[in-house]
Amino acid sequence: MTKLYIKLSLLLAGIAWSITSIYAQEFEYIPGTDYDSNIPTVEQVLGYKSGDVITSHGDMVSYFKVLEIAAPDRVKIFSYGKTWENRPLMYVAISNAENIAELKNLSDNMKKLADPRATSPSEADQLISGLVGSTWLSYGVHGNEISPMEAAMQTAYHLLAATNQLQVDNIMSNSVTFIDPQQNPDGRDRFVSKYREAGGLEADSSPLSAEHSEPWPSGRVNHYMFDLNRDWFALTQPETQGKVKAIMEYFPLVYIDLHEMGGNSSYYFAPSAPPRNPHITPKQWDALELVGRNNAKYFDQYGLDYFTREVFDSFYPGYGASWPAFYGATSATYEQASSGALLFKRNDGEILHYRDAVRNHLLTSLSTAEVTATNRERLLKEFYEYRATGIEEGEKEDDRYYLIPVQDDQAAADKIAGLLTKQGVEVFETTEEFRACGNEYQAGSYVIDSAQPTKRFLRTILDEDVEMDAAFLEEQERRRDNNLGDQIYDVTAWSLPHLFNINVNRCTNVPNVDGDLAGTDYHDAGVVTNPDAAVAFIVPWGQSTASRFLSHALREGIALKSADKSFVNLDRRYPAGSLVIEVKANDPDLSGKLQRIAQVTGADVIGVDDSWVSDGPNFGSGNTMRIHAPKVAILWDTPTANYSAGNTRFVIERQFDYPVSAIRSADIANADLSPFQVLIIPESRSGYKSTFGDAGSQNLKEWVKEGGTLIALGTGMRYVTDPDVDIMSSRREYAYREDKNEDVDDSTKVDGSLMAGLDDYNDAIEPTDVDPDSVPGVMLKAKVDLEHWLTAGSAETLNILYRGNDIYTPVTINNGRNVVNYMGKDEILASGYLWEENRIQLAHKPFVISEPKGRGQVIGFTSDPTVRAYLDGLNLMLINAIFRGSAHARPTR
């Protein structure tokens with residue numbers, strides 16, 4: 001059977017890809033190793049030597065299937081889902097036969113060890129004495145970081161086939177090695193396809209060659225262009241959702257995320273760079289040092305360069321290097337200099353070979369698994385201790401409990417409860433009213449006790465701020481003063497209550513209340529009250545469930561309206577934006593359709609037998625607008641920022657179930673845009689001006705004038721506010737300087753000056769007419785103009801993720817409305833670390849601008865509201881811009 005499978009795989013590989021080795025002599029990954037001939041090599045299965053070809057995802061899957069056939073007692077493949085493009089996601093368990101046979105017991109016992117409330121210290125010691133260690137090696141979360149997947153295949157082969165390696169004997173006897181060989185299959189195959197298209201007679205090492213220059217959107221991202229290494233706690237993508245669920249089956253003691261970086265570097269492994277997340281314990285840092293030192297030992301043996309601590313921190317909890325730490329693992333990132341193809345000519349003239357990058361990841365994979373196996377007992381004890389001390393710390397917290405009250409956006413509160421539950425947090429949903437810390441809480445409120453094993457994760461994900469070390473921040477300010485750039489790798493704020501814009505309270509004590517543990521669903525089925533209503537059905541506006549209901553209803557051809565203002569019908573007040581679905585305006589089967597949509601979307605629908613409105617606009621008022629199903633388009637391809645385009649499309653298509661047409665940016669100049677009512681301009685790094693040209697600008701202006709709704713996001717605002725384009729009257733600001741000198745002095749000398757100290761010197765070297773300093777990422781507070789139709793259903797204040805350095809002027813009242821503005825300088829910062837000059841200059845500046853133009857309008861978001869699809873608190877504003885924006889335009893229908 002094995003030989004037949006190998007022959008078939010070899011035949012298919014030969015048809016698909018003809019290979020000539022680029023290496024002059026036989027290459028050994030681990031010199032001196034004897035291998036069992038019964039374990040098939042990459043060459044036997046795929047027709048080429050490991051490192052001679054950049055393997056596709058499908059071929060990798062074929063190879064692991066052959067390994068499982070060849071050694072079924074030592075290899076077990078598990079599926080954890082499919083990608084958006086229907087490629088399989090899988091992980092592989094490798095160990096000796098006894099350990100593989102006991103995988104279910106390993107899972108069960110690790111779950112017992114993970115809950116010290118149910119497992120006493122003596123019981124834990126007994127469990128530990130019989131448990132093996134576990135290492136989880138994840139490869140290729142960025143699909144164009146190519147050597148990790150090849151290393152995954154070689155790691156599996158070496159563990160199964162090496163016969164004279166004490167290291168391997170130790171790993172196989174005392175641990176289970178879990179391998180996730182490719183975390184981003186869609187990105188991987190996108191890279192491989194474009195790389196092979198660019199290939200020539202021989203491998204090209206030039207960084208300028210097409211082999212080394214990926215077209216948009218690159219293989220780094222998945223189908224919806226997410227950076228999957230930022231998605232760990234948000235769980236928006238199937239690749240992350242399945243992986244997290246699989247990991248929590250085993251709670252692996254060591255988790256490593258293997259990456260690549262620029263080809264002119266060497267190799268990075270832990271310890272990580274500052275700042276350190278304060279909720280990762282000293283013992284975890286000590287274990288990371290143990291892992292790093294073992295890696296260094298092997299790199300020294302091979303004469304390989306490496307570095308530690310200089311870059312790649314573990315502060316943000318959405319990395320693969322950090323999220324596992326918050327269940328108690330030792331977790332880290334490894335980064336190998338990328339060859340980007342089979343060969344790469346470095347700046348120093350040396351040629352970096354693909355096989356060398358594969359070898360280095362193989363070395364650290366084996367070295368890490370060896371640390372787990374050798375230190376099995378220590379790591380198991382420290383895992384149990386991490387969970388136990390979390391409970392102890394939670395019991396001592398002054399504000400031990402997190403309370404999520406029933407609130408206007410209950411859908412957001414429900415989603416947070418489900419999201420936390422999926423990540424191992426116990427969330428208690430009450431079934432009765434109660435009073436705690438001076439506040440009344442309705443049935444349906446959530447209570448989260450921080451005295452549980454996930455306490456440190458809770459503090460990291462729910463607290464407003466996670467503090468950075470003061471010395472680190474002082475160094476960043478010093479660097480900024482000297483124009484050196486900061487060392488903050490990612491956002492400094494990510495509190496879930498801020499991202500979702502919900503209220504979460506802290507309390508010392510909570511009474512005993514009836515209820516149950518919350519489940520993992522994000523919402524319950526919606527209910528239609530009075531399904532036989534004779535006049536109309538009303539859907540209260542303001543929650544994501546209602547937004548999904550709107551998209552489903554429009555796609556099913558249901559005629560509906562939306563009120564610009566709040567109204568009262570039959571003694572019940574409905575928020576602005578609420579949907580009105582009149583019975584006589586729709587087909588006889590309306591009630592059945594509404595019940596089906598409510599069940600799927602989670603929206604509640606109220607049937608009414610009387611249209612009388614005692615306050616606010618009537619159903620037939622001009623302030624109750626008919627919403628037609630808009631045809632929505634988004635700019636695609638260069639120069640669009642891939643993250644912004646993909647994430648925005650994902651939010652609309654997958655969170656709100658509404659289709660979006662992608663239009664290539666280069667086609668805008670000559671495109672007939674008349675079939676579309678909405679066009680979204682995502683962010684762009686290089687700008688749209690040269691791509692669109694004058695013809696594109698004129699085309700957009702005419703389309704808006706004729707009734708189109710143009711929505712610009714983040715740096716997409718730079719195009720519409722450019723004076724040469726002038727689609728929107730706001731302008732981007734330079735950095736503010738109080739002592740800016742507008743006069744230009746052309747003389748050979750200038751007046752003398754005195755500098756009393758370093759502050760005067762820093763002022764003197766500060767240039768004028770420069771952009772504000774770039775902000776890594778903070779949450780800012782903004783005030784909402786609730787009188788404008790664009791804000792229907794919104795809360796009075798919003799939390800905005802601000803990144804970069806774009807600050808815009810407010811529009812004048814004769815040109816439009818500044819619909820949402822940042823708060824004053826003393827109130828603007830919700831969480832994170834914000835440069836003082838930016839804090840002052842951002843105060844009262846606009847976040848959302850609306851400008852009417854002819855029969856259409858332009859809506860601008862000065863910060864992208866769809867970043868990573870985890871800003872749920874801003875989704876309503878985007879949905880309003882699309883659906884209510886097109887309803888308030890006057891295109892020819």
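In table form, for the structure just shown:
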read-out: Residues being basic (K, R) and either without any contact (Cβ under 8 Å) to a residue 40 or more places away in the chain or within 22 Å of R649 (Cβ to Cβ) (or both) - total across region 846-893; value: 2
read-out: First in region 183-210 and on the phi < 0 side of the Ramachandran plot, second anywhere and at pLDDT below 95 and aromatic (F, W, Y), Cβ under 8 Å, 6 or more apart; value: R196/W17
read-out: Residue that is nearest to G542 (Cα to Cα) [pool: residues in region 868-893 that are β-branched (V, I, T) and crowded, with 22+ Cβ neighbours inside 10 Å]; value: I879
read-out: Qualifying positions in region 599-629 - of a type in the set (A, V, I, L, M), part of a loop (DSSP other than H, G, I, E, B) and touching a Phe, Trp or Tyr at 6+ places or on another chain (Cβ under 7 Å); value: A603, I627
read-out: Tally of residues being open to solvent by less than 50 Å² (accessible area, probe 1.4 Å), out of contact with any Ser or Thr (no Cβ under 7 Å at 6 or more places or on another chain) and more than 28 Å from M468 (Cα to Cα) across region 771-787; value: 0
read-out: Matching residues, region 318-361, being buried (at least 22 other Cβ atoms within 10 Å of the Cβ), of a type outside the set (G, A, S) and part of a loop (DSSP other than H, G, I, E, B); value: Y319, L342
read-out: Subset of region 685-707 (residues that are assigned to a loop (DSSP other than H, G, I, E, B) and surrounded by 14 or more Cβ atoms within 10 Å (Cβ to Cβ)); value: G687, Y688, E706, G707
read-out: Residues (touching an Asp or Glu at 6+ places or on another chain (Cβ under 6 Å) and either open to solvent by 20 Å² or more (accessible area, probe 1.4 Å) or hydroxyl-bearing (S, T, Y) (or both)) located in region 627-672; value: S644, R664, S665
read-out: Residues of region 463-482 classified as touching a residue at least 24 places away in the same chain (Cβ under 8 Å), out of contact with any strand residue (DSSP E or B) (no Cβ under 6 Å at 6 or more places or on another chain) and not in a helix (DSSP H, G or I), total; value: 5
read-out: Qualifying strands (runs of 3 or more DSSP E) (wholly inside region 524-598; at least 2 residues being surrounded by fewer than 21 Cβ atoms within 10 Å (Cβ to Cβ)); value: 572-574
read-out: Strands (runs of 3 or more DSSP E) lying entirely in region 792-872 (those with 2 or more residues that are of a type in the set (D, E, K, R)); value: 846-853
read-out: Matching option when the condition is modelled with pLDDT under 80 and either open to solvent by 90 Å² or more (accessible area, probe 1.4 Å) or among the charged types (D, E, K, R) (or both), among N741, N762; value: N741
read-out: Filtered residue count, region 429-462, keeping only those that are aliphatic (A, V, I, L, M) and either assigned to a loop (DSSP other than H, G, I, E, B) or open to solvent by 60 Å² or more (accessible area, probe 1.4 Å) (or both); value: 2
read-out: In region 798-826, the residues that are out of contact with any Lys or Arg (no Cβ under 6 Å at 6 or more places or on another chain) and open to solvent by 40 Å² or more (accessible area, probe 1.4 Å); value: R803, P810, T812, I813, N814, N815, R817, D826
read-out: Answer residue from region 613-626, given it is among the polar types (S, T, N, Q) and open to solvent by 20 Å² or more (accessible area, probe 1.4 Å) and is nearest to K565 (Cα to Cα) among those; value: N623
read-out: Given (1) open to solvent by less than 60 Å² (accessible area, probe 1.4 Å); (2) at positive phi, number of the condition N483 does not satisfy; value: (1)
read-out: Residue match in region 383-401 (condition: surrounded by 21 or more Cβ atoms within 10 Å (Cβ to Cβ), out of contact with any His (no Cβ under 6 Å at 6 or more places or on another chain) and of a type in the set (S, T, N, Q)); value: no
read-out: Total residues in region 498-523, condition on the phi < 0 side of the Ramachandran plot, in contact (Cβ under 8 Å) with a residue 60 or more places away in the chain, open to solvent by 10 Å² or more (accessible area, probe 1.4 Å) and not in a strand (DSSP E or B); value: 16
read-out: Every residue from region 99-118 that is open to solvent by 10 Å² or more (accessible area, probe 1.4 Å) and either under 30 Å from G187 (Cα atoms) or part of a loop (DSSP other than H, G, I, E, B) (or both); value: E102, D115, P116, R117, A118
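One line per residue, one yes/no per condition, for (1) crowded, with 19+ Cβ neighbours inside 10 Å; (2) hydroxyl-bearing (S, T, Y):
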| position | (1), (2) |
| --- | --- |
| P207 | no, no |
| P252 | yes, no |
| Y255 | yes, yes |
| W285 | no, no |
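The values are calculated or read from the model by the stated rules, or taken from the named source; none is laboratory data. On a predicted model such as this, the values are computed, not experimentally measured, just so you know. Please note: Cβ atoms are built from the backbone with ideal geometry, for glycine as well, and neighbour counts cover all protein chains shown. Quick note on the areas: whole protein, heavy atoms, side chains included, nothing else; ligands and nucleic acids left out. Shrake-Rupley method; radii C 1.70, N 1.55, O 1.52, S 1.80 Å.
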